[in-house]
Every structure is written in structure tokens, then in C-alpha cells.
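This report refers to the structure that appears directly beneath it.
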Amino acid sequence: MSVKNPQTREWQDLSRDHHLAPFSDYKQLQEKGPRIITKAQGVHLWDSEGNKILDGMAGLWCVAVGYGREELADAASKQMRELPYYNLFFQTAHPPALELAKAISDVAPEGMSHVFFTGSGSEGNDTVLRMVRHYWALKGKPQKKTIIGRVNGYHGSTVAGASLGGMSGMHEQGDLPIPNIVHIPQPYWFGEGGDKTPEEFGIWAAEQLEKKILEVGVDNVAAFIAEPIQGAGGVIIPPESYWPKIKEILARYEILFVADEVICGFGRTGEWFGSDYYDLKPDLMTIAKGLTSGYIPMGGVIVRDEVVKVLNEGGDFNHGFTYSGHPVAAAVGLENLRILRDEKIVERVHEETAPYLQKRLRELNDHPLVGEVRGLGMLGAIELVKDKATRTRYEGKGVGMICRQFCFDNGLIMRAVGDTMIIAPPLVISREEIDELVEKARKCLDLTLEALG
């Protein structure tokens, strides 16, 4: 990236001299310096060099209502002047957290009317681990400790969250996963389905859950945790046969089901939650991101009433965070939910913009570099391949990162997960902006193919 603005260089120097960035190659970042984002409006960002960029990832999957919503800034400002902070410990509460808990329960699946607040999705999944094990101890079954996750699933980067997730690169750093967490294969037909049809592969992948339950022993298994659609793993949309089979297996065994809705929640699938889309009946749901549209950090766990009934009889739950239910975050969350509801954003995604996005994205199937385009709601993935028929990749070329750089250089943020390009734009994206996104994506695919020779 060529730098013309002297202030860009100053900020990059500050990055080099003082900042340790998340999920970054520090040596590489020291050499090239970060792109400095300075402002945003709607679905677009601007960097310090004056370049306008369409944010095809809604920040990190989170800016549901778009950038520049004055209502959210006003809600934060008003709450800061009234009650900037107080905790929820020691039998104390405040109106914003209580009102937000009610507002969340109003849109949550039936029978899920209680919320435990955290500062992030990672903290939410730490809470899940603690709460699930506490629940079974109260039920007189303290040996039910093992939680089953999925390979390549993502549940955050805290010690518990990274352990529940199945990212090998994260497990290699820090001696993870911690004990009593095991993983089953992911339902990734394009990458791992082999000669099976998608339906056959979906059933096979689901059956691995039962196999693992029996291997560990049902008396030792506490819960199964999964994203309705794997986000950071590459927008992996399970074959249609997968979730019905999973539900059938869960019904046979006495274990809890945790739906990680950090990405799918609050309208991303065209329903309020991914669990609504797939008609799942989770016992716990992890939430964050779209809860506040990323304007301020907040997460939580929505808990089924039957689980809460057991917790209510168990004395102290010795778990919590300084910023659980932070009043300013709660005020922003309340206003964000009002915007989603009153402007009928989720309905518009379902009825208009998501069908249009999916139609336009699939036009990229004709590109020589594209092996598959898949998507659902405001989620999409483009598989980059050398051979469409065999789904063979360009080994060792780093095609995804090449494409990602072309996107950045041509005014589009599209994330690379290996050689899979993924998108999750703000829910408020218009048809015209969807056209802009797809046209820029095609241009960057052309440039990538040309660079590969």
C-alpha cells in the first residue's frame, strides 16, 4: 500500500512501536504497517489515504444496522450522563440491563426468557462451559463434564472459547484444548465431502456426534456446542440433511445443546436467530456482535427456562464479569434492537435483500476461478479452485490472500479463510450496494486469476 498522507505513516509508526494486534503476523505487520481506517458511514469505510471501501464483512460480522447511526451514539451519551457504570453483583441491578434482558427474550426462541450478560462472545462461551457443568452438578451428575465441539468451529479466543472451538492453529498455541473438550468433523461438503453427495455427507457428519457420545459415554457428556452456520471457519452451510439428523440424535440422549449465535444472531440469516432458521431447540444460545451492532462491546448467553429452574435451586453461581450488563452497552443494545424491530430490517433481509444478494453472488459461478458459491441470508462464500470438476486447489499459492489484497486495493473488504472468500455485509445494505459488492468481487477474481498466470 503506497502512503501519501504523512499522518498515515505516523499512525503506522505508533502501531510498530506500541501496539500488539490480534490474530496478526507481527513480523509481517512491522514490515508493511496496518491500513488505518478513520471513518465510516452506512456500509462504507474510509482509510487515512482517503480511499472509500465497501465493508463486505460488517466489521467483524457485527455492524448490523450500518455505520453512523446517531441514535446509538445518543443512547450511549444519555446513559453515560445518567448512570455510566454499575455492576450486577451483590443482589444489585439497573434498568438498562433488565430492560435489555426482556427485549432479548421477546425475540428469542420460545421458552428462552433469561439472559446472562458478558462483554463478548468469547466470554459468553466461557460462561457456557461454567454454566453447563454447574447445571449437571446441581442435577447430581457432576461427572457430565465433557463438551463436544466441531473441528474448525469457532467459539472465541479465550482459553475456554478456543478449546471449545476446533481451530488447529489456535490449539497449537497454548496447549489447547483444555481437558474434557472433544471434537467431531465439520459438515463441510465442498472441502471434505469426497465422493459423497451433499445429503450423504450431511448425514455422515451428523452421525459422528452419536459416535462421539457413545465413545465418551453419555454419562460423561455435558453438551454439544455448534454454530448454526460456521462463520470464521469459512461460512460453512451444512447440507440440508445435517441439522434434522443432529436433532434426531440429540433427542435420544440426555445432553444439552448450545447454539453459538454470535454470528447468526440478530437477523444475519433473515430470521432473528440461526436457530429459528433451522428450527433448532437449543438449551443455551451464545450472543454478541449484532446485539449492539458492534458499536460497544457486549455479549451474553440466553438460557432455556428449564435450565434456569435448576440454576435457581442451586445457591450461588460463582461466575461473572466486571462489565456484565454494562449500563451503557445495555442502552445501546436496547436502541439497536429497537432499530432492527421498528425499521423491519430482519424482515427486509428475509424478503428482499438476502434473496437479491444470493442471486447476484451465484452469478460468480461462471468465473474460471470459482468452484462453488454458497450463501444464506447475509452470508456468502466463494471457493477458489484450480479445477472446478475435481474441486482441486492451487496448493501453496495462498490464493485467498492474493484475492484479499486485490479486494483491499480495489475498495472491497472480503475476508479470506484459506482459499475461501467470505462476506457478511451490514444488514442494511441496499440492492445498489449489493451490485457494487458483486462487481468489485468479480474484478478482484479477474485480477487474482491473472496474477496466477
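The values are calculated or read from the model by the stated rules, or taken from the named source; none is laboratory data. These figures come from a predicted structure and were not determined experimentally. Counting neighbours? That spans all protein chains shown, and the Cβs are built from the backbone with ideal geometry, glycine included. These area figures cover heavy atoms from the full protein model, side chains too; ligands, DNA and RNA do not enter into them. Shrake-Rupley method; radii C 1.70, N 1.55, O 1.52, S 1.80 Å.
So which trypsin sites (Lys or Arg not before Pro) in segment 93-139 are both in a DSSP loop and have at most 16 other Cβ atoms within 10 Å of their Cβ?
K139
With a point put 7 Å past each Cα toward its Cβ, work out how far H19 is from E313 in nm, to one decimal.
With each label placed 7 Å out from Cα toward Cβ, I get 5.2 nm.
Would you kindly calculate the mean projected area, averaged across all directions, of the convex hull enclosing the Cα atoms of segment 38-78, in square nanometres?
With every direction weighted equally, the projected area is 3.2 nm².
Defining a contact as two alpha carbons under 8 Å apart and six or more residues distant in sequence, what relative contact order in percent does segment 5-136 show?
Computed over segment 5-136, the figure is 11 percent.
Treating cross-link reach as a plain straight distance, find the lysines whose alpha-carbon is under 26 Å from the alpha-carbon of K32, omitting any fewer than eight places away in the same chain.
K4, K52, K397, K440, K443
Scan the chain and hand back the longest stretch that contains none of the chymotrypsin sites (Phe, Trp or Tyr not before Pro) lying in DSSP loops with at most 11 other Cβ atoms within 10 Å.
So the longest stretch without any such site is 91-453.
Computing the accessible area with a 1.4 Å probe over protein heavy atoms, can you report the carbon and sulfur percentage for the chain?
51 percent
Under a cut-off of 16 Å between alpha-carbon atoms, report the lysines in cross-link reach of K139, not counting same-chain residues fewer than 8 places apart.
Hits, sequence-local ones excluded: K309.
How large is the translational diffusion coefficient of segment 80-166 in µm² per second when you combine the Kirkwood radius over alpha carbon pairs with Stokes-Einstein at 20 °C and 1.002 mPa s?
140 µm²/s
For the chain, what is the accessible area per residue in Å², given a 1.4 Å probe and the full set of protein chains?
Roughly 44 Å² per residue, with all protein chains present.
P(r) tail for segment 257-346, what percent of Cα pairs lie past 24 Å?
27 percent
Within a Cβ distance under 14 Å of A103, other residues only, what is the Lys/Arg minus Asp/Glu net charge?
-1
Residues with beta-carbon under 12 Å from that of E254, excluding E254: net charge, scoring Lys, Arg +1 and Asp, Glu -1?
Net of charged neighbours comes to +2.
Let me have the 222 nm mean residue ellipticity of the chain computed from DSSP H runs of 4+ only, each contributing -39500 (n - 2.57), with the sum over all residues rounded to the nearest 500.
That comes out to -12000 deg cm²/dmol.
Return the aspartates and glutamates within reach of K386: Cα separation strictly under 14 angstrom, same-chain partners fewer than 8 residues apart disregarded; answer none if there are no such residues.
D366, E372, E395, D419, D446, E450
Filter the GluC sites (Glu not before Pro) in segment 110-176 to those in DSSP coil with at most 15 other Cβ atoms within 10 Å of their Cβ, and list the result.
E110, E172
Plugging the Kirkwood radius over Cα pairs into Stokes-Einstein for segment 345-453, at a temperature of 20 °C and a viscosity of 1.002 mPa s, what D comes out in µm²/s?
In µm²/s, the coefficient rounds to 153.
Once you have all Cα-Cα distances for segment 308-403, histogram them in 5 Å bins from zero and send the whole-percent values.
2, 10, 11, 11, 10, 9, 10, 11, 10, 9, 5, 2, 0
Set Lys and Arg Cβ to +1 and Asp and Glu Cβ to -1, take the dipole of segment 201-331 about its Cα centre, and tell me which of A223, G320, V303 lies farthest positive.
So the residue furthest toward the plus end is G320.
For an R0 of 51 angstrom, estimate the FRET efficiency from the Cβ-Cβ distance between K4 and L83 and round to the nearest 0.05.
0.70
Go ahead and run the numbers for FRET between D446 and E363, Cβ-Cβ distance against an R0 of 22 Å, rounding to 0.05.
Computed FRET efficiency for D446 and E363: 0.95.
Considering the dipole of segment 1-128 built from charges on the beta carbon (Lys and Arg +1, Asp and Glu -1) around the Cα centre, which of H18, G68, N5 is farthest to its positive end?
Most positive-ward Cα: N5.
On alpha-carbon atoms, Rg over Rh for segment 14-152 using Kirkwood Rh?
So for segment 14-152, dividing Rg by the Kirkwood Rh gives 1.05.
For the chain, with only Lys/Arg (+1) and Asp/Glu (-1) charged at the beta-carbon, what is the dipole magnitude about the Cα centre, in debye rounded to 20?
Rounded to the nearest 20 debye, it is 500 debye.
Mind checking segment 238-329 for GluC sites (Glu not before Pro) that DSSP puts in a loop (not H, G, I, E or B) and that have at most 10 other Cβ atoms within 10 Å?
Taking segment 238-329 and a limit of 10 other Cβ atoms within 10 Å, the loop GluC sites (Glu not before Pro) found are E313.
Rounded to whole Å and sorted largest first, what semi-axes of the equivalent ellipsoid does the C-alpha gyration tensor of the chain yield via the square root of 5 times each eigenvalue?
34, 29, 21
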